[in-house]
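A short worksheet on the structure shown next.
The values are calculated or read from the model by the stated rules, or taken from the named source; none is laboratory data. Bear in mind the structure is a predicted one, so any value in this text is a computation, not a measurement. As a convention, Cβ positions derive from the backbone with ideal geometry for all residues, glycine included, and neighbour counts pool all protein chains shown. Side chains included, ligands, DNA and RNA excluded: accessible areas come from the protein's heavy atoms. Shrake-Rupley method; radii C 1.70, N 1.55, O 1.52, S 1.80 Å.
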Amino acid sequence: MGILFDDTNRTFTLNTESSTYQMQVSGIGHILHLYYGASTRGCMDYLVTSADRGFSGNPYDKQDERSYSLDQFPQEYPFWGSGDFRSEALMVRDDRGAWGCDLRYAGYEIENGKYRLEGLPAAHAGEEEAQTLRLMLKDESLGLEVTLLYGVLEKADIITRSVLVRNTGSRRLYLEKVLSASMDFAWGDYDSLIFYGRHAMERTMQRSRVGHGALEIGSRRGMSSHQYNPLLILADHEATEDAGRCWAMQFVYSGGFAGCVEKDQYDQTRMQMGLSPEQFSYPLDPGEMFTAPEVIMSFSAEGLTRLSQNLHAGIRRHILRGPHVGKHRPVLINSWEAAYFDFDADKICALAKEACDLGVSMVVMDDGWFGDRNDDCRALGDWTVNEEKLGCSLGELIRRINDMGMKFGIWIEPEMISENSRLFAEHPDWALAVPGRAPQIARKQMVLDFSRKEVADGIFDQICAVLDQGKVDYVKWDYNRSIMDVWSMDTKDQGRVLYDYMLGVYRFLERLLERYPDLLIEGCSGGGGRFDAGMLYYTPQIWCSDNTDAIDRLWIQYGTSFGYPPDVMGAHVSVSPNEQNGRITPLQTRAAAAMGGTFGYELDPAKLTEEEKEEIRKEIRDYERFAPLVQTGLYYRLTNPMTDLVGAWEIVSEDGSDVLLTAVTVNVHGNMPDSYVRLKGLTKGCFYRNEDTLQCYPADALMDSGMPLPSRKGEYQAYQIHLRRMEG
Ligand code: GLA
């Protein structure tokens, strides 16, 4: 049974296959967090200790019991106003301006299946795969009802959380902070893992020891951001890839967020994730309800690899949707680095023809096909095909591409508007800007006010008119700036605009998928600036980074792999020297790195030598062979490319029979010792055969003493070793 309520001690226990989560209703109705760890039976309330502590307040109804204080108890959903001075999950203000509330237990419901969230992406699951717990809390005097939602995905070892806040009173309330998940650890020595970065260098992993004070990550940019990913991991200080306890919180949301790890005065640790409280003040009139986005949580007692595999399976089975999930994605060629804005239909067709000859199956026409978009200073919002530039209609171009046996994809950036555009001339008020104040401009563009239905609908109609001109198989959905000026003309409550904006984007994406159910959408935001589980609900792959350098990609894809499986990471081969950082790498290495994600090319094949073309044909044949592993296999990080001499990872089919080991040397010296990598996840007692050299190896030895990489001279050498289990 996934969810149990024990009436005798008022505990709620949530069980997944390998974890147990427990909370308890205290005598006066506070929800105390007891446990999240390895599967266990019993009641863990013995873990909560109490003492009469100086300066710790007591609830009015416990003033004679001075050891009862929320200043020290581990809590399930801490709210401001309770005497807990750590980072709160909920901050409410009433229309008199008074802060705080007093939430007490008011009942529960358990049902089969997984709850859904109105207008927001959330993990989906069949009736038999999940259970839902609704835990109701109330502040009678304020007229506030808070429902804590828990989705228990037993097999996936995942617990999801969300929160509904209802105004059941008679006065207007303002939600100043609503996080989706908060969890307290009564004691322990932990490390936090965060994924920081910048444009062209996203999701660099940082592991640091949790000390006193708060570590805060987040985004105030209206997007999940290049700077911090909405993924937070807490691990035992001694935890490794293969051993030790670790916990993850992954936000299913693409706008601003806040994550926090705080160690308090009594050495307790609090971990939190939810909406950014910055520029957030959500009004709730009597009868209204607010829905907080979902957080996916997972626990592993077997180290970080297992935790990542839980999150990968969660994304693959419970977040991604549509006909492309788990399926081979077309190897594509994208026009951006091949032509930038300088192309016409003939050039796109020439690109397609050359690429087709190499084995590529889809061509993507990137930025520059609409309005007078010949540079990045204009025309966003004018989604009409520039037939004069192309030299033909879009329909004709697509037909020419399809006649070669190739699929066709196109780039769009629906949420943006250029000041220099027809749309801006007609609807200047559609851009987010504060009246009377000059807006911030980035890449010469502004952000459309998608919190307004009329704005999103206007763009939707334009985009559909384009997509209806031919068979469009793929769309690259870009988003190339942060939101800086928050002001919508449709509301007096500007504190709701950023949240409503995201709902508008999600509504748009949902409508697009309803109308074009076979469309494959790849998310993008100046590379990987909006790489999150929220977008993945609509776009089963996301361009990982504008940085296509194979060696930087080792870092980026390594960091990304902590929360996201390889099949969602957009990765392409581009030219060398690399256009972002000037590094020179062998073609084979660029291909090996790109095969750690959805594979494709971002270069002009006409400029390749015959030898390079032959190599690319082989790469594509190899990728066709490896694609099922990338789509569905278990991912193992074998080294840390940021600190080790070799960046190595391995993907193993779920049944253990098929293995792809990839290793890239990141350092070269004279008279080098050989590098060895130790494999993981093989079937014990079996033998594995290298599919290229036909050499056989014992699985146990590969997992114990590893395998030497063939020695080769030169910088940045890549090795792809395909092993199959020998049966019988
Ligand atoms: C962003 C994307 C690029 C490309 C350009 C086009 O930077 O990340 O891949 O599509 O926009 O303007």
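The alpha-carbon of Lys138 sits under 16 angstrom from the alpha-carbon of none of the lysines, leaving out residues fewer than 8 places away in its chain. Solvent-accessible surface of the chain, taken per residue with a 1.4 Å probe and all protein chains present: 37 Å².
In order along the stretch 95-105, phi translates into HN-Hα couplings of 6, 8, x, 7, 8, x, 7, 9, 8, 10, 4 Hz, rounded to whole numbers, per the Karplus curve 6.51 cos²θ - 1.76 cosθ + 1.60 with θ = phi - 60° and x for Gly and Pro. Between Met489 and Arg134, full extension at 0.36 nm per residue minus the direct alpha carbon distance yields a gain of 124.2 nm.
For the chain, the Cα gyration tensor yields ellipsoid semi-axes of 44, 35, 21 Å (square root of five times each eigenvalue, largest first, whole Å).
Using the Cβ-Cβ distance between Arg511 and His669 with R0 = 51 Å, the FRET efficiency computed as 1/(1 + (r/R0)^6) comes to roughly 0.35. For the stretch 67-88 versus the stretch 264-282, the spacing of their alpha-carbon centroids is 12 Å.
In order along the stretch 479-490, the Karplus-derived 3J(HN,Hα) couplings, from 6.51 cos²θ - 1.76 cosθ + 1.60 at θ = phi - 60°, round to 7, 10, 6, 8, 8, 10, 10, 9, 6, 10, 6, 8 Hz, and Gly and Pro are given as x. Using the rule -39500 (n - 2.57) for each DSSP H run of four or more residues, divided by the residues of the chain, the 222 nm mean residue ellipticity is -5500 deg cm²/dmol. DSSP beta bridges fully contained in the chain are about 85 percent antiparallel.
Express the Stokes-Einstein translational diffusion coefficient of the stretch 646-725 in µm² s⁻¹, to the nearest whole number, given a Kirkwood radius over alpha-carbon pairs, 4 °C and a viscosity of 1.567 mPa s.
So the translational diffusion coefficient is about 99 µm²/s.
Classified by the C-alpha gyration tensor, the stretch 671-711 has an oblate form. Its axis ratio a/c, with a ≥ b ≥ c, is 1.5 or above, and a/b does not exceed b/c. Near Met726, the amide H atoms lying under 5 Å from its own belong to Phe687, Tyr688, Arg689; only residues 5 or more places off or on other chains count, and H is placed 1.01 Å from N.
Hey, could you get me the Stokes-Einstein D for the stretch 27-81, Kirkwood radius over alpha-carbon pairs, 37 °C and 0.692 mPa s, rounded to whole µm² s⁻¹?
Reported coefficient: 262 µm²/s.
Taking amide H as placed 1.01 Å from N in the peptide plane, the amide H of Lys476 sits under 5 Å from that of Ile410, Trp411, Ile412, Glu522, each at least 5 places away or on another chain. Axis angle, to the nearest 10 degrees, between helix 304-314 and the longest C-alpha principal axis of the chain: 80 degrees. Divided by 2.2 N^0.38 Å, where N counts the residues, the Cα radius of gyration of the stretch 371-522 comes to 1.10.
The angle between the Cα long axis of helix 394-403 and the main principal axis of the chain comes to about 70°, on a 0 to 90 degree scale.
Here is the size of the stretch 5-127 from its Cα atoms: Rg then Dmax, 16.7, 50 Å. With the gyration tensor restricted to C-alpha atoms of the stretch 291-418, the semi-axes of the equivalent ellipsoid amount to 37, 21, 13 Å, longest first. So which chymotrypsin sites (Phe, Trp or Tyr not before Pro) in the stretch 125-202 end up in coil per DSSP with only 14 or fewer other C-beta atoms within 10 Å? Loop-located and lightly packed - Trp187. When the trypsin sites (Lys or Arg not before Pro) in the stretch 666-708 are filtered for DSSP coil states and for at most 16 other beta-carbon atoms within 10 Å of their beta-carbon, the remaining sites are Arg678, Lys684.
Ranking Ile417, Ile521, Ala465 by how far each Cα lies toward the positive end of the dipole of the stretch 332-631 (charges on Cβ) leaves Ile521 at the top. Only one residue of Val475, Gly371, Leu536 has its Cα farthest out toward the positive end of the dipole of the stretch 332-631, where Lys and Arg carry +1 and Asp and Glu -1 on Cβ, and that residue is Leu536. Rounded to the nearest 10 degrees, the inclination of helix 497-515 to the longest alpha-carbon principal axis of the chain is 50 degrees.
About the centre of its Cα atoms, the stretch 222-332 shows a dipole size close to 720 debye [charges on the beta carbon of Lys, Arg (+1) and Asp, Glu (-1) only; nearest 20 debye].
Computed over protein heavy atoms with a 1.4 Å probe, the carbon and sulfur contribution to the accessible area of the stretch 129-219 reaches 47%. Magnitude of the charge dipole for the chain, about its Cα centre and with charges confined to Cβ atoms of Lys, Arg (+1) and Asp, Glu (-1), is about 400 debye.
Comparing Met502, Val447, Leu137 along the charge dipole axis of the chain, the residue lying farthest to the positive side is Leu137, per the Cβ-charge model. Over what distance in Å are the Cα centres of the stretch 21-59 and the stretch 406-453 separated? Going from one Cα centre to the other spans 50 Å.
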